[in-house]
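Just below is one structure, and these are the notes that go with it.
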Amino acid sequence: MSDHLALDTGPKKTPSTSFSSWGAVQTVISVAVIMASLLTLWTPANLFSNRRVGELLVSVQATRQAPSEEPLTPQPTSPPEKIKIGIVAGHSGKEGDPGAVCEDGLREVDVNLQIAALVRQQLMDLGYEVDLLEEFDRRLAGYQAAALVSIHNDSCTYYEDATGFKVAAAVETAYPEKAQRLTNCLVVRYQETTNMRYHSNTTTRDMTEYHTFNEVNASTPAAIIETGFLNLDREILTQQPKLVAQGIASGILCFLNNESISSPDLLSQ
Ligand SMILES: [Zn+2]
């Protein structure tokens, strides 16, 4: 529309000071052409687009005029609280208490610590909050968590049948069925994962009356696992600690996720 642009200057030139008939004619022609141009522009489509522009302007104004009730940056929302799990590395944190010791110097405390650290890492990778606790950790007093598992290993003394794992639940607890379920989950998943033998009939009083169980909050389901014997199970315990840890982590997840477990034979041994 180059002609339209050229004609835009017309009215400005309209001389009010030097009125002449030619000027009047020129003005009339100019006005007529502008009116014609406006009429051709006045199509429904243009009306629509003009209205859209008008709406946009109104909305921009409204945005500007709206009172700033909401802050420019969104309020920081606290992330959903993580589920907390406690893992005790048996005998750790106390000089002079290495637990069982083999003739060649392999110490239970070191095996426990390695496995416990791996369990912690595996559960943290899944988004859980995990405390790695020492045997006599101060945090254990009234400790509250979705589950607490203490990791130990058995004697390095050789004798026949000294192979396999044991699991025991806390006896003194507010919800014994929960502790029992944690125990069952650990037994079934640890066995499935490691293929090790479950020693059900050799669970000692030391395990069921384990000192840690008396310290923690009564609502915290707690269990102790002896992941193997340092003598006959030495290979899997020291060469495949990740697998051993996976067995424990799977047991804890089984409990937390309320997974169904169906190995009655294993549990009634
Ligand atoms: Zn121990």
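P(r) of the range 174-217 in 10 Å steps, Cα pairs, percent per bin?
22, 49, 27, 2
Any idea how far apart residue 82 and residue 238 come out in nm if each label point goes 7 Å out from Cα toward Cβ?
Reported label-point gap for residue 82 and residue 238 is 3.3 nm.
Rank-order 224-234, 169-179 by packing density, defined as the average count of other C-beta atoms within 10 Å over each peptide's residues, highest first. List each step's numbers first, then the result.
Numbers: 224-234: 23.8, 169-179: 17.5.
Most protected by this proxy first, the peptides run 224-234, 169-179.
Let me see the P(r) profile for the range 81-135: every Cα-Cα distance counted, bins of 5 Å, each bin given as a percent of all pairs.
P(r) over the range 81-135, rounded to whole percents: 4, 21, 26, 18, 14, 9, 6, 2, 0, 0.
Extension gain residue 102-residue 126, at 0.36 nm per residue separation less the Cα-Cα distance, in nm?
Details: separation 24, 0.36 × 24 = 8.64 nm, distance 3.46 nm.
Result: 5.2 nm gained on full extension.
Identify all aspartates and glutamates with a Cα-Cα distance to residue 242 below 15 Å; exclude those on the same chain that are fewer than 8 residues away in sequence.
Within reach: 110, 125, 192, 233.
Picking from 232, 255, 244, whose Cα lies most toward the positive end of the charge dipole for the range 84-267 (charges on Cβ: Lys, Arg +1; Asp, Glu -1)?
My answer, from the dipole projection, is 255.
For the range 115-269, max minus min Cα coordinate along each principal axis, in Å, sorted largest first?
So the three principal-axis extents are 40, 33, 33 Å.
We did not get these values from a lab; they are worked out from the coordinates using the rules stated. Values in this document were obtained by computation on a predicted structure and should not be read as measured data. Note that we place each Cβ from the backbone using ideal geometry, even for glycine, and neighbour counts take in every protein chain shown.
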